[in-house]
Amino acid sequence: MARNYKSTQALEPSLPSREDILAFIARSRGRVGKREIAREFGLSGADKIALKHLLDEFSEEGAVQRTRKGFNAPGALPSSLVADITGRDRDGELIAVPSEWNDDNGKPPRILVTVPKRLGGAAPGVGSRVLLRLADGGSDHHPSGRVIKVLEKLRQRILGVFRRLPNGEGQVVPIEKRNAGRDLMVRPGDTANTRDGELVAIEPLRGSRGGPPMARIVERIGEVNSEKAISLIAIYSHDIPHVFRKDTLEEAEAAKPATMSGREDWRRLPLITIDPADAKDHDDAVHAEPDTNPGNPGGHILTVAIADVAAYVRPDTPLDREALIRGNSVYFPDRVVPMLPERISNDLCSLRPNVDRPALAVRMIVAADGRKLSHSFHRVMMKSAAKLSYQQAQAAINGNPDETTGPLLEPVLRPLWAAYASLKAERDGRGPLDLDLPERKILLKPNGTVDRVIVPERLDAHRLIEEFMILANVAAAETLEAKKTPLVYRVHDEPSMEKIIALREFLHTLDIPLSKQGAMRPNQFNTILERVAGTDNAHLVNDVVLRSQSQAEYSADNIGHFGLNLRRYAHFTSPIRRYSDLIVHRALIRALHLGEDGLPSEMTPALLNEIAGRISATERRAMTAERETIDRLIAHFLADHVGEIFQGRVSGVIKSGLFVKLLETGADGFVPAATIGHDYYRFEEGSHQLIGAATGESFQLGDVVSVKLVEAAPFAGALRFEIVSDGTRRRPPGRRAGAMRRPRITDRKGNGAKRKAAQAAGGKRRR
């Protein structure tokens, strides 16, 4: 029964203590809203209004985290999460920590792991990654989690570079930073034909006491003197499955083309695909035409057709099980690690021109202002009229059609662009987050070496496809909600209060106000971005606003998509490369009775949440592997340019130094604070800068600087720079700042002279 804390005498609102409310939020599993708090403490009427004000105070203070669905304690854990088992406690029980953790919430919690007996020999051990369902309790006040699934077994392999020694033995130098300095020896009889400098996978062996650590080579991967081996490093170090199992390949090869059975015939509709020029699979096609309905003047009928992967990948088959393990395709500059075998992804499900292909399509009616008025889903047989690249389609619209786009210009392309103009108007009115963050692309030579790094031009053709796909994704989520069918949403939470406070403090240093009232909306960030567009601070503010955002993920619980400013959103448009989209396809087939290969009835929201946790983890794994590969490729490319001067932009500021991103290549490197100039620098967290104690010279996030490349470590993907340009003397907000020459305080022999100069100027020693 709810406890009543209200006074029987006072007419003014009477609330429980702050400690009682915070304790209730902390012990509540997951999110808790005002309704749950009021029910717990028996509050009503004026008490609820007072409670709202108190909760607002808690958010401002950082005592609770505000989310779209309510509140939770800072660093509170969800009901289920992916965790890494890191060791055992004094009683021998397994201990895990969350695989992903925001350092702003302090140290990651240690979770006591319970292993169900049903796992038997498949039970996890130290080094395993598992999906846990959390429960209250646990020893020493640690949370307790029960293993739902083992995601990755105990890692025994280490990736390294083989070095042959004069005595015939071999030595393996590990690639991963966490194993740095832990070189392992390989006995002469175990080296076989392994060549010096070859990339190998090894398994540690138990060595004798006092002897060097030993290992045996379990796989020779290839030469490391080529950029083609660099993506292999990411694949192996992140345990990305890249070789399909035999039963998976057998099922894929045995698959037969889908037939017309149960499908509508849309083969006369001139759908076209618009993709990158080097795309090998094409899973989405589009079409638009004016709506002839007099009740919708200026409106359009939009069609988005998506490859019907569900027709070939049935639930709980080898293809399905391996697709779930992979979670998504992973894209490297020199290769793709696909979620599905090529027989499915590049053949049967690729919407090739003039070939019959099964598809799941959505037809949408939009008004002249871009509002979606209605939509319907159909299971069809289609035939793509053409395969176009973004540049090819854009050139035709710009007045330069070729032999392929010429016949399509008036009947197909112009209606698409007219419909896009309506969708763009709706987008502008909706106001999604509009960050200006150009993406770089590495171009390789035929031999696999880096040719150059470019920033591809952002075309209306890109934006057109983006808006069509977003609208189709919204339609999918709306349909499944209306049919009360469980699904996996693509969700993006609003920024945490802690990050908003930090952003507000930073913007204050630039004389840019950020309201303290009410919940944040994307258009508030857009107003800030518009204010700095075209100024020297544009890159800086875009970077800081990006860092203030939460990370998008998958969930069976809908909290909306903050960045797109949408209430409901689900990934539907890329089932060839994302398992989340395949789930949504199956859910639509089940909800709309479009076949027998829909989402199984036993697929409950709880099970979907487990899958959402897994595919969110594989997505983050892919992003990390892709980023590390690009870092290693560029470090490899720059290894021959040590000593040269480059222009860069400060991309990060921490106590120990500066991160600098080179303007030409996008390469990231580090500048240790101890090597900067002739001053002693202190870290100003709020303004993201290092400030010289004696001179006032500063280096801030977003500053353009000249740096000399001092060291390049290709396998680690690490670069070290030295600042060779002057900093800036900055004054308090509202006053102008200018570049300055740094005075010659002393020589460069260490920090001692710097500290003395700083102390003479009233500076404090950095800690």
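The values are calculated or read from the model by the stated rules, or taken from the named source; none is laboratory data. Just so it is clear, the structure is predicted and the values come from calculations on it, not from any experiment. Backbone-built Cβ (ideal geometry, glycine too); neighbour counts: all protein chains shown. In case anyone asks, the SASA skips ligands and DNA or RNA and just uses the protein heavy atoms, side chains included. Shrake-Rupley method; radii C 1.70, N 1.55, O 1.52, S 1.80 Å.
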Within segment 4-18, can one find any residue that is assigned to a helix (DSSP H, G or I), of a type in the set (D, E, K, R) and modelled with pLDDT of 65 or more? yes
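Scanning segment 35-55 for residues that are over 18 Å from Glu19 (Cβ atoms) and part of a helix (DSSP H, G or I), which turns out farthest from the chain's Cα centre (by Cα)?
Among those residues, the one meeting the criterion is Ala46.
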Could you check segment 624-655 and list, in sequence order, the residues that are without any contact (Cβ under 8 Å) to a residue 40 or more places away in the chain and either touching a strand residue (DSSP E or B) at 6+ places or on another chain (Cβ under 9 Å) or under 25 Å from Glu481 (Cα atoms) (or both)? Asp640, Ile654
State which residue is surrounded by the fewest Cβ atoms within 10 Å (Cβ to Cβ) when the search covers only segment 420-458 and only residues that are part of a strand (DSSP E or B) and aliphatic (A, V, I, L, M). Leu443
Quick one: in segment 709-731, which of the residues that are over 30 Å from Leu232 (Cα atoms) and open to solvent by 60 Å² or more (accessible area, probe 1.4 Å) is modelled with the lowest pLDDT? Arg731
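Residue under question is Pro315, and the condition is that it be within 33 Å of the chain's Cα centre (by Cα) and farther than 24 Å from Ile470 by Cβ; does it hold?
Yes: the conditions hold for Pro315.
A quick yes/no check of all residues on (1) closer than 15 Å to His287 by Cα; (2) modelled with pLDDT of 95 or more; (3) more than 32 Å from the chain's Cα centre (by Cα); (4) aliphatic (A, V, I, L, M):
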| position | (1), (2), (3), (4) |
| --- | --- |
| Pro401 | no, yes, yes, no |
| Pro415 | yes, yes, yes, no |
| Arg427 | no, yes, no, no |
| Arg440 | no, no, no, no |
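Listed here are the residues, each with its yes/no results for (1) modelled with pLDDT of 90 or more; (2) touching an Asp or Glu at 6+ places or on another chain (Cβ under 8 Å); (3) more than 30 Å from Pro714 (Cα to Cα).
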{"site": "Ser231", "(1), (2), (3)": "no, yes, no"}
{"site": "Ser237", "(1), (2), (3)": "no, yes, no"}
{"site": "Asp247", "(1), (2), (3)": "yes, no, yes"}
{"site": "Lys256", "(1), (2), (3)": "yes, no, yes"}
{"site": "Leu269", "(1), (2), (3)": "yes, no, yes"}
{"site": "Ile272", "(1), (2), (3)": "yes, no, yes"}
{"site": "Asp281", "(1), (2), (3)": "no, no, yes"}
{"site": "Ala285", "(1), (2), (3)": "yes, no, yes"}
{"site": "Asn296", "(1), (2), (3)": "yes, no, yes"}
Helices (runs of 4 or more DSSP H) (entirely within segment 459-558) containing at least 2 residues that are at pLDDT below 95 and open to solvent by less than 20 Å² (accessible area, probe 1.4 Å): 497-508, 522-532, 538-547
Suppose the filter is under 19 Å from Ile634 (Cα atoms), touching a Lys or Arg at 6+ places or on another chain (Cβ under 8 Å) and of a type in the set (Asp, Glu); does Asp668 pass it? yes
Residues that are open to solvent by less than 10 Å² (accessible area, probe 1.4 Å) and in a loop (DSSP other than H, G, I, E, B), drawn from segment 688-701: Leu701
Would you say Pro78 is under 25 Å from Ser555 (Cβ atoms) and either crowded, with 20+ Cβ neighbours inside 10 Å or modelled with pLDDT of 75 or more (or both)? no
Taking segment 594-610 and keeping only residues that are free of Cβ contacts under 8 Å to residues at least 12 places away in the same chain and assigned to a loop (DSSP other than H, G, I, E, B), one is left with Glu596, Ser601, Glu602
Evaluate segment 367-381: report whether one residue or more is open to solvent by 10 Å² or more (accessible area, probe 1.4 Å), assigned to a strand (DSSP E or B), within 30 Å of Lys445 (Cα to Cα) and at pLDDT 95 or above. no
Contact list please: Cβ distance under 6 Å, first residue in segment 242-270 and over 21 Å from Asn328 (Cβ atoms), second residue open to solvent by 70 Å² or more (accessible area, probe 1.4 Å) and of a type outside the set (Phe, Trp, Tyr), pairs at least six apart or on different chains. Arg267/Lys383
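Is there a residue being open to solvent by 30 Å² or more (accessible area, probe 1.4 Å), within 27 Å of His238 (Cα to Cα) and either assigned to a helix (DSSP H, G or I) or not acidic (Asp, Glu) (or both) anywhere in segment 309-317?
Among the residues of segment 309-317, at least one is open to solvent by 30 Å² or more (accessible area, probe 1.4 Å), within 27 Å of His238 (Cα to Cα) and either assigned to a helix (DSSP H, G or I) or not acidic (Asp, Glu) (or both), which makes the answer yes.
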Quick check on my filter: what residues within segment 323-344 are in contact with a Lys or Arg (Cβ under 6 Å, 6 or more places away or on another chain) and either at pLDDT below 95 or outside any strand (DSSP E or B) (or both)? Ser329, Asp334, Met339
When you check Ile645 against the structure, is it closer than 30 Å to Ser687 by Cβ, open to solvent by 10 Å² or more (accessible area, probe 1.4 Å), modelled with pLDDT of 95 or more and of a type outside the set (Gly, Ala, Ser), yes or no? yes
If only one of Arg357, Arg414 is more than 22 Å from His561 (Cβ to Cβ) and surrounded by 22 or more Cβ atoms within 10 Å (Cβ to Cβ), which one is it? Arg357
Subset of segment 251-271, residues closer than 17 Å to Ala307 by Cβ, assigned to a loop (DSSP other than H, G, I, E, B), open to solvent by 40 Å² or more (accessible area, probe 1.4 Å) and touching a strand residue (DSSP E or B) at 6+ places or on another chain (Cβ under 9 Å), comes to Pro257, Thr259, Met260, Gly262, Arg267
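Regarding Ser237, is this residue open to solvent by 60 Å² or more (accessible area, probe 1.4 Å), out of contact with any helix residue (DSSP H, G or I) (no Cβ under 7 Å at 6 or more places or on another chain) and not charged (D, E, K, R)?
no
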Hey, could you check segment 277-297 for residues that are closer than 12 Å to Val366 by Cβ and outside any loop (DSSP other than H, G, I, E, B) and say which is nearest to the chain's Cα centre (by Cα)? Ala288
Looking only at segment 600-608, decide whether some residue is under 30 Å from Val380 (Cβ atoms) and of a type in the set (D, E, K, R). yes
